[in-house]
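Before any comments, here is the structure.
Please treat every number below as a calculation from the coordinates, not as lab data. Since the model is a prediction, treat every value here as computed from it, not as a measurement. Methodologically, a virtual Cβ is constructed for each residue, glycine included, from the backbone with ideal geometry; neighbour enumeration extends over all protein chains shown.
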Amino acid sequence: MFKHAIVRTPSPNISEGITSASLGKPVYEAALTQHAGYIAALESCGVTVHVLKAEPGYPDACFVEDTAVLAERVAIITNPGAPTRKGEEETVEAALRDFYPGDHIEHIAAPGTLEGGDVMRVGDHFYVGLSARTNEEGARQFFHFLGKHGYTGSTVTLHEMLHLKTGLAYLEDNLLLTAGEFISHPELVNFRTILIEMKDAYSANCIYVNGTVLIPAGYPVTKAKIEALGLPTREVEVSEFRKIDGGLSCLSLRF
Ligand code: CIR
């Protein structure tokens with residue numbers, strides 16, 4: 001069960017966030033409204049949400065997931081691979097010090113890079129995507145810290161997507177939502193899978209929160225496939241964040 005989530009109010013210059021999409025620039029006021037809806041959705045799942053102050057110098061700073069990976073026994077602070085995002089992790093770490101003792105906080109250091117969007121937890125095992133943002137050295141350091149605190153990890157190579165969880169979500173009970181290059185990926189066999197068509201690939205980034213699957217609004221086929229397996233869903237409007245490649249998982253750290 002998740003008790004807490006950390007989120008960060010979108011930056012006033014969110015329109016300058018990094019993007020590979022051609023959906024236009026996010027509108028700040030609309031992003032704030034959608035962010036409030038996201039917080040309400042987490043709260044409806046029984047999570048206490050801690051809201052960090054906006055970071056005017058970091059357009060992508062609302063995507064707190066990329067700055068840390070959290071487990072019961074350790075918080076691993078990342079070194080983001082995107083140059084404009086380096087430094088976002090500092091205020092996230094400060095907030096995590098209220099929840100983790102100092103000797104349970106570890107740090108990925110240069111030349112290692114790792115972003116939390118590349119990490120998918122399955123029980124006590126962590127899959128790490130090797131991507132444009134997460135490198136071999138970052139993964140090596142990450143696995144060292146996992147081992148020190150009693151967890152395991154393995155890598156998954158990405159070729160097309162931004163992050164591992166751009167196209168994957170673990171919905172517990174050995175169930176994986178998969179899209180694009182992750183469908184039939186050799187490093188992800190032995191799961192029950194829900195396949196998402198390419199046109200709906202954005203909806204593969206869902207989050208399982210205390211028995212409910214939060215899904216992006218506007219993907220009825222994905223919603224029906226998840227519900228057909230007996231899992232309740234709740235739609236959340238995140239279209240402003242999609243414009244800068246952000247999804248549901250990126251907007252919070254859940255622990
Ligand atoms: C970026 O490119 O870093 C942001 N515009 C989007 C980050 C999305 N984060 C995630 O998928 N975990």
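What do you get for GluC sites (Glu not before Pro) in segment 83-170 restricted to DSSP loop and a cutoff of at most 12 other Cβ within 10 Å of the site's Cβ?
Working: sites: 88, 89, 90, 93, 106, 115, 136, 137, 160; in loops: 115, 160.
Taking segment 83-170 and a limit of 12 other Cβ atoms within 10 Å, the loop GluC sites (Glu not before Pro) found are 160.
Subtracting the Cα-Cα distance from 0.36 nm times the residue separation, let me have the gained length for residue 140 to residue 27 in nm, one decimal. Please report the intermediate quantities before stating the final value.
On the way: separation 113, 0.36 × 113 = 40.68 nm, distance 3.83 nm.
Between residue 140 and residue 27, full extension yields 36.9 nm more.
Using the charge dipole of segment 4-254 (Lys, Arg: +1 at Cβ; Asp, Glu: -1 at Cβ; taken about the Cα centre), state which of 155, 251, 202 has its Cα farthest towards the positive end.
202
Hey, quick one: spin label on residue 94, modelled 7 Å out along Cα-Cβ, who in segment 45-62 has an amide N within reach, i.e. under 16 Å?
51-58, 61-62
For the modelled label position 7 Å from the Cα of residue 73 along Cα-to-Cβ, which residues of segment 150-168 have backbone nitrogen atoms closer than 13 Å?
150-153
Give, as ranges by residue number, the residues of segment 1-20 whose backbone N falls under 12 Å from the point 7 Å along Cα→Cβ of residue 191.
none
To the nearest 20 debye, what is the magnitude of the charge dipole of the chain about its Cα centre, counting +1 on the Cβ of each Lys and Arg and -1 on the Cβ of each Asp and Glu? Numbers along the way, then the final one.
Details: 21 positive and 32 negative charges, 55 e Å.
Once rounded to the nearest 20, the dipole reads 260 debye.
Across the chain, where is the longest run that never hits trypsin sites (Lys or Arg not before Pro) in a DSSP loop with at most 16 other C-beta atoms within 10 Å? Intermediate results must be reported in sequence, preceding the final value.
Values: sites that count: 3, 53, 73, 86, 97.
My reading of the result: 98-255 is the longest stretch.
What shape does segment 4-254 have by the C-alpha gyration tensor, where a ≥ b ≥ c are the square roots of the eigenvalues, rounded means a/c under 1.5, and otherwise prolate means a/b greater than b/c and oblate the rest?
In terms of gyration-tensor shape, rounded.
Roughly speaking, what is the stretch gain from residue 124 to residue 157, that is 0.36 nm per residue apart minus the C-alpha to C-alpha distance, in nm to one decimal?
Details: separation 33, 0.36 × 33 = 11.88 nm, distance 2.01 nm.
Stretched fully, the residue 124-residue 157 segment lengthens by 9.9 nm.
Could you pull out the pairs from 223/243; 25/225; 25/86 whose alpha carbons sit more than 26 Å apart here? It would help to have the intermediate numbers written out before the result.
Numbers: 223/243 21 Å; 25/225 31 Å; 25/86 22 Å.
Too far apart for the 26 Å limit: 25/225.
Quick check on the chain: of the DSSP beta bridges with both residues there, what percent are antiparallel, nearest 5%?
Percentage antiparallel, nearest 5: 40.
Round to the nearest 0.05 the FRET efficiency obtained for residue 53 and residue 132 when R0 = 30 Å and r is the Cβ-Cβ distance. Could you put the intermediate results ahead of the total?
Values: r = 29 Å, r/R0 = 0.96.
Taking R0 as 30 Å, the efficiency between residue 53 and residue 132 is 0.55.
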